[in-house]
Structures are given as structure tokens and as C-alpha cells.
1. Given the residues 87, 61, which is the only one that is farther than 27 Å from residue 168 by Cβ, modelled with pLDDT under 95, of a type outside the set (S, T, N, Q) and touching a helix residue (DSSP H, G or I) at 6+ places or on another chain (Cβ under 6 Å)?
2. Could you grab me the full set of residues in segment 137-165 that are outside any helix (DSSP H, G or I) and surrounded by fewer than 18 Cβ atoms within 10 Å (Cβ to Cβ)?
3. Checking the conditions here, which among 85, 73 is in a loop (DSSP other than H, G, I, E, B), surrounded by fewer than 19 Cβ atoms within 10 Å (Cβ to Cβ) and not assigned by TED's automatic domain parsing to the domain that holds residue 157?
4. Output the residue which, of all residues in segment 47-63 that are surrounded by fewer than 18 Cβ atoms within 10 Å (Cβ to Cβ) and of a type outside the set (Gly, Ala, Ser), is farthest from the chain's Cα centre (by Cα).
5. Applying the selection to segment 166-179, what residues are buried (at least 16 other Cβ atoms within 10 Å of the Cβ) and at pLDDT below 95?
6. Return the residue satisfying two criteria in turn: it lies in segment 166-179 and is in a strand (DSSP E or B) and of a type in the set (Ser, Thr, Tyr), and of such residues it is nearest to residue 121 (Cα to Cα).
7. Looking at residue 74, is it modelled with pLDDT of 95 or more and more than 28 Å from residue 138 (Cβ to Cβ)?
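The values are calculated or read from the model by the stated rules, or taken from the named source; none is laboratory data. All values reported here derive from a predicted model rather than from experimental measurement. Ideal geometry is used to build each Cβ from the backbone, glycine not excepted, and the neighbour counts take in all protein chains shown.
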Amino acid sequence: MKRTIQSIALAAALAIGAIPVLADTGGAPPPSDLSNQVRHQLVMIPYYNVFDDLNYSINNGVVTLSGAVTQPIVKQDAQSAVKRIPGVTAVVNNIKVLPLLTSDYQIRRAEYRAIFGYSNLYRYAMGAIPSIHIIVDNGDVTLVGVVNSQADKNVAYIRASSVPGVFSVTNNLRVAEHS
């Protein structure tokens with residue numbers, strides 16, 4: 001089976017049909033929808049939020065989890081939820097738990113306000129799982145997820161870079177392909 005990779009930050013865009021599913025299945029239907037089941041279980045984790053980023057890959061029934069989360073319980077819940085899925089033979093949990101620094105917490109709040117408080121970007125905060133996620137690790141900010149246009153990607157980066165106390169901003173936002 002070919003290896004597939006999905007980002008949970010894409011869940012909101014996929015749910016509304018904004019972009020096509022990005023799983024590489026080699027032209028064959030996904031084996032028993034394992035990828036969709038993994039994605040579903042991860043987005044259902046109760047404490048998963050805008051400041052977390054969960055990713056996974058599947059290779060012959062082995063699910064490898066990666067990303068970064070603000071609470072250890074999210075890492076534990078992700079592994080527990082995925083290992084119960086029929087067809088999953090093993091789970092490798094490479095999710096990083098971000099440090100619990102007061103300064104990072106303050107940056108997260110300021111980044112949220114800077115990005116989602118801007119009239120052109122507030123729509124990306126709507127829904128249970130926003131399509132833009134803000135990862136803060138020791139003052140370094142990474143934006144992940146999907147936006148509708150290059151302009152929105154650029155504005156999000158500019159807004160994120162304007163927050164005091166941020167050392168660097170990495171813009172990993174992807175622009176949705178419209179068909």
C-alpha cells in the first residue's frame with residue numbers, strides 16, 4: 001500500500017468541500033477508508049484546538065502520529081483513539097507536547113487576536129476546528145492549515161509577524177485548490 005499523509009488542520013476545509021482529499025492512493029480506492037477513519041478519530045479528540053497540529057501517515061496498517069499539541073492528554077487521546085480502529089496494526093506516537101510557558105500562552109492569545117480579529121481572516125476561525133492553526137514553541141510561531149487565497153496566506157503571515165515577543169514566524173499555510 002502506498003503511504004498517505006493527512007493534516008488534521010485540513011479537516012475543516014475537507015468537511016466543507018473546499019479542497020479535494022489529498023490522500024495518495026495510487027489510483028485505487030483507499031483500503032477500507034482507514035485514512036478517513038483516522039482523520040475522524042483525531043478531529044473528535046475533545047481538547048484538540050486551534051493551538052494544536054495533528055498529522056498522520058499510514059503505511060501497511062501502521063499509523064504514525066506527528067505534530068505538536070499544547071496538552072499531554074491530546075497526545076494520549078490521539079494514540080488511544082487511533083489504536084482502536086479496525087485495520088490499524090500499530091501506532092507510532094511522535095506527537096510533541098509543547099512547553100507550558102507563560103510567554104508562549106500570551107503569544108498564543110495575541111496571535112489569535114491578531115489573525116482572527118482581522119476582518120478578512122475571521123472566517124477561518126469558524127467551526128469546531130479552525131482551518132488555520134497557530135503553533136507556538138518557545139516564542140517561535142508556525143502557521144499551518146488551509147486558506148482560500150495567496151492574499152489570505154500573506155495577510156495571516158503579516159498579522160502573525162506583528163505580535164510582540166515573537167522570535168520567528170513560519171508560514172506553512174497552504175492555498176486551497178479550487179476546481
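1. Answer to the check: 87.
2. Hits for segment 137-165 are 137, 138, 139, 140, 148, 149, 162, 164, 165.
3. 85
4. It comes out as 60.
5. Hit for segment 166-179 is 176, nothing else.
6. 170
7. no
Residues checked against (1) touching a Gly at 6+ places or on another chain (Cβ under 8 Å); (2) of a type in the set (Gly, Ala, Ser):
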residue: 120; (1), (2): no, no
residue: 143; (1), (2): no, no
residue: 151; (1), (2): no, yes
residue: 155; (1), (2): no, no
residue: 165; (1), (2): yes, yes
residue: 175; (1), (2): no, no
